[in-house]
Amino acid sequence: MTPLEAAAGDWLAIDPDPVTRAETTALLDAHDEAGLAARFGGRLEFGTAGLRGALGAGPLRMNRVVVRQTSAGLARFLLTRETAPTAVVGYDGRHNSRVFAEDAAAVLAAAGIRATLLPRALPTPVLAFAVRDLGVSAGVMITASHNPAPDNGYKLYLGGADGGSQLVSPADRDVLAAIEAVVAEGAGADGGDLGAVLRAGDEILDRYVAATAGVAAGASGVLEWVYTPMHGVGLETVQRVLAEAGLPSPSVVPEQATPDPDFPTAPFPNPEEPGTLDLATALADRSGAGLVLANDPDADRLAIALRGPGGWRRLTGNEVGLLLGWRIASTAGPTGGTLACSIVSTPGLGRIADRFGFTAVETLTGFKWISRVPGLRFGFEEALGYLVDPEVVRDKDGISALVAALATAIGLQEERRTLLDLLAEIEAEIGRFDSDQVSIRVDDLAALGAMTARLRRDPPRAIGGLEVLAADDLSAGGDLPPTDALRYHLAGGARVIVRPSGTEPKLKVYLDVVSEADTAAARRAATTATLDALRRAVRPLLGL
């Protein structure tokens, strides 16, 4: 018997799921060493994003044993911080999400933690809200957000001093150490005590709906628009918030309206993916709507498409960030505050902050950082994540962002303007900011380190014909926690950031340019030319 076969045999003894037991048995019967290695050759690593991976047997997959062991480790961690910790657990509509959530809550309850389970599959922002609303020690959300159908995940929020944000170091290391101790002891696979779990009714959702409806700030009017929850769990909550706020109901894409864990019309249910909004824009064409709003399957992201003179235009995450940032900053009055975005999002938000007397802050990528910015009034990152009501939810929230965008569109319609008109007006005020991202995929992870090491060893003096005015090696830390990234400030206000992906074998290069030319046409021509030059410069910059 090989070590992998022995590990798989041990796993069989503690696996309560007949599906994954059959998977393991089939691999053992076939003596499939490659298949066993892919499942038993390591363990999913718990980090600041929690866990995420493909469903299947073994510690390298998402399954009931991994969820139980992780929850047992979380319980140990919480009991080192408090004498009577509490937790709330939620789940989305993916395969196994409900049973994973029940396992997590049952294990926490068996460890003496007062655990509450949300009543049904609900959006991630509702769970993030519940952490603050209930004042619990921790929140667990079973979701893989916009990943493909075979995936699931375990997302962790911390209450108390962490305020309901996702965990950051060193808490992630402490939770990981507790999980590893549970596994080393051969503990944590028991089913816990589901009977001791508190079952929430709709009272938490009711309070989330009421709070989120307030984002509309009294907006009212008639507007034809289309909504898609992308086969996810957003529709019920969105409809309730719209009714509470008195906002117009949308035409809903029927093929994507109800939760379906197989995502049959969107194999990659990320609204950023080409084609994911085609059904929505087709419905808008039939209904005469000029606005499409879309959430991803767990409703923590928002995508916007607008009908313009040249047809449908899907706004970038940076464009939506500027629209929402402008809305909040321009209506805040003298109270001020802070506008925050990730380091790879558009610098245009800083111009808006300056325009209205706000403080501008850049953070590392992820809302675990953005949500912790003191005095935050609005935060976003270019990957369609927006935080418009940080006193209610300390994470990206695609539903409150939808309300803010819809209310803005309704107000503009009363003035015979559109969101595209507002974007043009923002551009005239702060300049035209355009962005792009170039990804270099590699077969060997060592190649990523070689490329960044080359840049550190031999820093560029110019990129795309633009002089490098300043260079920051963010691995050294300073104003931000250390991260493996290089940032170049170029002549003319352009910026290039190079960073390895944290989840895939590729290097990401973020390009940002700006023009303050006198006319819209001149600004567009200038940013287009500069972006083209920077794109062409990426591969030579990396020595490729």
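The values are calculated or read from the model by the stated rules, or taken from the named source; none is laboratory data. Not measured: the values here are computed from a predicted model. Methodologically, a virtual Cβ is constructed for each residue, glycine included, from the backbone with ideal geometry; neighbour enumeration extends over all protein chains shown. For accessibility, only protein heavy atoms count, side chains too; no ligands or nucleic acids. Shrake-Rupley method; radii C 1.70, N 1.55, O 1.52, S 1.80 Å.
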TODO: Compute the projected area of the convex hull of the Cα atoms of segment 372-449, averaged over all viewing directions, and report it in nm² to one decimal place.
DONE: 8.5
Task: MRE, 222 nm, helices only [DSSP H, n ≥ 4, -39500 (n - 2.57), over the chain, to nearest 500] - done: -12000 deg cm²/dmol
Open item on the list: If you average the C-alpha positions of segment 467-498 and of segment 141-156 separately, how far apart do those two centres end up, in angstrom?
Closed with: 32
- [ ] Starting from the Kirkwood radius over alpha-carbon pairs of segment 257-400, derive D by Stokes-Einstein at 4 °C in a medium of 1.567 mPa s and give it in µm² s⁻¹.
- [x] 81
Task: Span from the segment 318-370 Cα centroid across to the segment 227-300 one, whole angstrom - done: 27
Open item on the list: With unit charges on the beta carbons (Lys and Arg positive, Asp and Glu negative) and the dipole taken about the Cα centre of segment 302-362, which residue among THR335, ALA305, PRO347 sits farthest to the positive side?
Closed with: ALA305
Open item on the list: Can you give the local net charge around GLY214? Use residues other than it whose beta-carbon is closer than 12 angstrom to its beta-carbon, Lys and Arg +1, Asp and Glu -1.
Closed with: -2
Task: GluC sites (Glu not before Pro) within segment 358-430: DSSP coil, no more than 14 neighbouring Cβ in 10 Å - done: GLU391, GLU415
Task: Sum of side-chain charges, ARG535 neighbourhood, beta-carbon under 13 Å (Lys, Arg +1; Asp, Glu -1) - done: -2
- [ ] Compute the acute angle (0 to 90°) between the alpha-carbon long axis of helix 520-541 and the principal axis of greatest extent of the alpha-carbon atoms of the chain; round to the nearest 10°.
- [x] 50
TODO: Return the percentage of antiparallel bridges among DSSP beta bridges fully within segment 195-345, rounded to the nearest 5 %.
DONE: 65
Task: Relative contact order %, segment 227-350, counting alpha carbon pairs below 8 Å whose residues are six or more apart - done: 22
- [ ] Tabulate in residue order the Karplus-calculated ³J(HN,Hα) for segment 10-26, using 6.51 cos²θ - 1.76 cosθ + 1.60 with θ = phi - 60°, rounded to whole Hz; enter x for Gly and Pro.
- [x] 5, 5, 4, 5, 10, 7, x, 9, x, 5, 6, 5, 5, 4, 5, 4, 5
- [ ] Please report, in debye to the nearest 20, how large the charge dipole of the chain is about its Cα centre when each Lys and Arg carries +1 at its beta carbon and each Asp and Glu carries -1 there.
- [x] 900
- [ ] Return one number: the angle in degrees, 0 to 90 and rounded to the nearest 10, between the long axis of the Cα atoms of helix 278-287 and the longest principal axis of the Cα atoms of the chain.
- [x] 60
- [ ] Skip the ligands, DNA and RNA, and give the accessible area per residue of the chain with a 1.4 Å probe, whole Å².
- [x] 39
Open item on the list: Suppose we take every Cα in segment 1-133 and form the convex hull; what volume per residue is that in Å³?
Closed with: 117
Open item on the list: Angle check, please: helix 445-457 long axis (alpha carbons) against the longest principal axis of the chain (alpha carbons), in degrees 0 to 90, nearest 10.
Closed with: 40
Open item on the list: Quick check on the chain: of the DSSP beta bridges with both residues there, what percent are antiparallel, nearest 5%?
Closed with: 65
